[in-house]
Amino acid sequence: LIIKIRIYIFGGGRLRGRDSMITSAITSQADLKQNPKELHLSKVTYATPNLVPEARTYHASCLVNQFMIVIGGEANSDLKDFWALNLDTNCWFKPQVEGFNTYTGKRFHTASTISNSKVITFGGCHSEYVHMNEMHIFDL
């Protein structure tokens, strides 16, 4: 995600052997004021290191005001969670999101910001690659 002059990256994974994945819960940032041909990532230090999302891959994220929103993804199973990182304070929290109880845990979905307070998710898959055609709009 790009906010002002920084790029933010959360999570991800890499293969470890044929059937094993190493996932990450690290947030990195790169400053765009410097030479964009030579971006250097640095780890974001969380203000609340005990309250962070589970390491994951295949999640969706978007930007709502100064908050990086992270939804779902995969760890040991499909995740059904909604996190926000305040990029001004580097504090993670789990906002109370109306209607989230109807959301199905999934991976490979998309998330987009549609206003100053709304996030829309679409698609994805769950379990053994059961493709989904559902859309949710969450008002923060």
Read through the list (1) modelled with pLDDT under 90; (2) crowded, with 18+ Cβ neighbours inside 10 Å, then give the number of the only condition that SER61 fails. (1)
Taking the criterion of being touching a Cys at 6+ places or on another chain (Cβ under 9 Å), among the β-branched types (Val, Ile, Thr) and at pLDDT below 85, would at least one residue in region 64-74 satisfy it? no
Quick check on my filter: what residues within region 9-28 are part of a strand (DSSP E or B), at pLDDT 80 or above and not β-branched (Val, Ile, Thr)? PHE10
Return only the number of the condition from (1) open to solvent by 30 Å² or more (accessible area, probe 1.4 Å); (2) without any contact (Cβ under 8 Å) to a residue 24 or more places away in the chain; (3) within 14 Å of the chain's Cα centre (by Cα) that PRO49 does not satisfy. (3)
Residues that are part of a loop (DSSP other than H, G, I, E, B) and closer than 25 Å to SER115 by Cα, drawn from region 45-78: PRO53, TYR58, HIS59, ASN65, GLN66, GLY72, GLY73
Please name all residue pairs, on different chains or six or more residues apart, with Cβ atoms under 6 Å, provided the first residue is in region 82-99 and is charged (D, E, K, R) and the second residue is open to solvent by 40 Å² or more (accessible area, probe 1.4 Å). ASP88/GLN66
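The values are calculated or read from the model by the stated rules, or taken from the named source; none is laboratory data. The model shown is predicted, which means the values in this text are computed figures rather than measured ones. Note: ideal-geometry Cβ built from the backbone for every residue, glycine included; neighbour counts use all protein chains shown. Accessible surface areas use protein heavy atoms only, side chains included; no ligands, DNA or RNA. Shrake-Rupley method; radii C 1.70, N 1.55, O 1.52, S 1.80 Å.
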